[in-house]
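Read through the structure below, which is laid out as structure tokens, and then see the notes.
The values are calculated or read from the model by the stated rules, or taken from the named source; none is laboratory data. The model shown is predicted, which means the values in this text are computed figures rather than measured ones. Backbone-built Cβ (ideal geometry, glycine too); neighbour counts: all protein chains shown. To get the accessible areas, we keep the full protein, side chains included, count just its heavy atoms, and leave off ligands, DNA and RNA. Shrake-Rupley method; radii C 1.70, N 1.55, O 1.52, S 1.80 Å.
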Amino acid sequence: IEVTEIAKKRERPLRNIKVSECDMDKSLQAEVVEITQIVLDDALDSVIAHKDIAHRIKVQLDKTKGGTWHVIIGSHFGGNVTNDASTLINFQVDTVWYLAFRSGPPEKANPHSQ
């Protein structure tokens with residue numbers, strides 16, 4: 001490992017994570033929480049709005065898990081959503097709540113890419 005790689009790598013801060021509601025299997029649950037932690041790790045040195053963190057998590061879920069994912073982040077919010085089976089998780093990281101779920105049409109082939 002080069003010195004620059006060591007300098008870039010740092011220890012992840014200890015975060016209090018509590019899952020409130022979840023209908024996904026344990027492996028997908030762990031992946032969503034890990035994606036969230038990676039996005040939070042990347043944001044450690046800057047001030048990033050919740051909407052930007054939510055967007056980064058959504059992009060990663062769309063790319064790695066397929067379909068149309070939605071991510072809502074905040075300290076105080078409520079919601080009633082319709083989601084694809086086994087794709088909803090509502091969890092708290094420290095004092096901030098995260099709601100992630102897949103809902104909507106599956107990915108479609110781009111008609112212009114032929």
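Pulled fully out, how much extra length does the chain show between Ile17 and Val81, if you take 0.36 nm times their separation in residues and subtract their Cα-Cα distance?
20.8 nm
Would you mind computing Rg(Cα) / (2.2 N^0.38 Å) for the range 18-114, counting N as its residues?
Ratio of Rg to 2.2 N^0.38 Å for the range 18-114: 1.11.
Quick check: pseudo-label points 7 Å beyond the Cα along Cα→Cβ at Lys63 and Asp25, how many nm apart are they?
Using points 7 Å along Cα→Cβ, the separation is 2.4 nm.
Can you pull the three principal axis extents for the Cα set of the range 6-75, in Å, largest first?
Per principal axis, max minus min of the Cα coordinates gives 37, 26, 22 Å.
Mind checking the log10 I(q)/I(0) for the range 42-90 at q = 0.13, 0.19, 0.28, 0.30 Å⁻¹? Debye, one equal scatterer per Cα, no solvent, two decimals.
-0.36, -0.73, -1.20, -1.26
Can you check what the net charge comes to around Ile72, using other residues whose Cβ is under 11 Å from the Cβ of Ile72 (Lys, Arg +1; Asp, Glu -1)?
Numbers: positive: Lys51, Lys58; negative: none.
Net charge in that neighbourhood comes out at +2.
Leaving ligands, DNA and RNA out of it, report the carbon-plus-sulfur percent of the accessible area of the range 34-100 at a 1.4 Å probe.
52 percent
Given charges of +1 on the Cβ of Lys and Arg and -1 on the Cβ of Asp and Glu, with all other atoms neutral, how large is the dipole of the range 13-84 about its Cα centre, in debye to the nearest 20?
Around 100 debye, computed over the range 13-84.
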